[in-house]
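Structure first, then comments.
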Amino acid sequence: MKTYIIQHVPFETPGILENLSNYEIIKMFEKYTFPNVEEVDLLIVLGGPMGAYDPYNWLKEEKAFIKNVINQNKPVLGICLGAQLIAE
């Protein structure tokens with residue numbers, strides 16, 4: 001099972017989630033690429049100081065990726081900002 005974790009800022013780390021056996025962190029504050037949705041078994045979207053409606057271009061890309069994962073009936077967990085992005 002491959003888990004992808006979206007991290008928005010360096011100071012909000014995955015913490016205990018790093019104990020998962022097969023995961024990859026997508027760091028939005030560095031150069032990033034989203035995997036093919038078919039590769040995702042579980043998506044975890046972490047928090048951050050920004051809001052779901054802030055005008056960042058990368059937020060639009062991230063929302064589209066999250067929507068694609070949800071549309072493929074894959075499990076998605078959102079924490080703080082992550083929950084806002086899922087709800088939108």
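The values are calculated or read from the model by the stated rules, or taken from the named source; none is laboratory data. If you're wondering where the values come from, they're calculated on a predicted model, not measured in any experiment. Every residue, glycine as well, gets a Cβ built from its backbone with ideal geometry; the counts of neighbours run over all protein chains shown. We work out accessible area using only protein heavy atoms, side chains counted, and drop any ligands, DNA or RNA first. Shrake-Rupley method; radii C 1.70, N 1.55, O 1.52, S 1.80 Å.
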Check: the chain dipole with +1 on Lys, Arg Cβ and -1 on Asp, Glu Cβ, in debye: 120 debye
Longest site-free stretch - the chain; sites: trypsin sites (Lys or Arg not before Pro), DSSP loop, at most 14 other Cβ within 10 Å: 32-88
Highest-MSF residue in the chain out of Phe65, Phe34, Phe11 [GNM, Cα springs under 10 Å]: Phe11
Rounded to whole Hz, the Karplus (6.51, -1.76, 1.60) HN-Hα couplings of the stretch 15-30, x for glycine and proline: x, 5, 5, 6, 7, 4, 7, 9, 9, 9, 9, 9, 9, 5, 8, 10
Cα-Cα pairs of the chain separated by more than 16 Å (percent): 48 percent
Solvent accessible area, Å² - Met1, 1.4 Å probe, full protein context: 140 Å²
Filter on Lys2/Lys74; Lys2/Lys63; Lys27/Lys63; Lys2/Lys60 - keep pairs with C-alpha separation over 18 Å: Lys2/Lys63; Lys2/Lys60
Considering only the chain, percent of DSSP beta bridges that pair antiparallel, nearest 5: 0 percent
Contour minus Cα-Cα distance for Ala64 and Asn36 (0.36 nm per residue): 8.8 nm
Relative contact order %, the stretch 3-87, counting alpha carbon pairs below 8 Å whose residues are six or more apart: 33 percent
Computed lengthening from Lys27 to Tyr56, 0.36 nm per intervening residue step minus Cα-Cα distance: 8.9 nm
J(HN,Hα) series, the stretch 46-58, from Karplus relation 6.51 cos²θ - 1.76 cosθ + 1.60, nearest Hz, glycine and proline x: 7, x, x, x, 7, x, 4, 9, 5, x, 8, 4, 5
222 nm mean residue ellipticity, helices alone, for the chain (DSSP H n ≥ 4; -39,500 (n - 2.57); rounded to 500): -7500 deg cm²/dmol
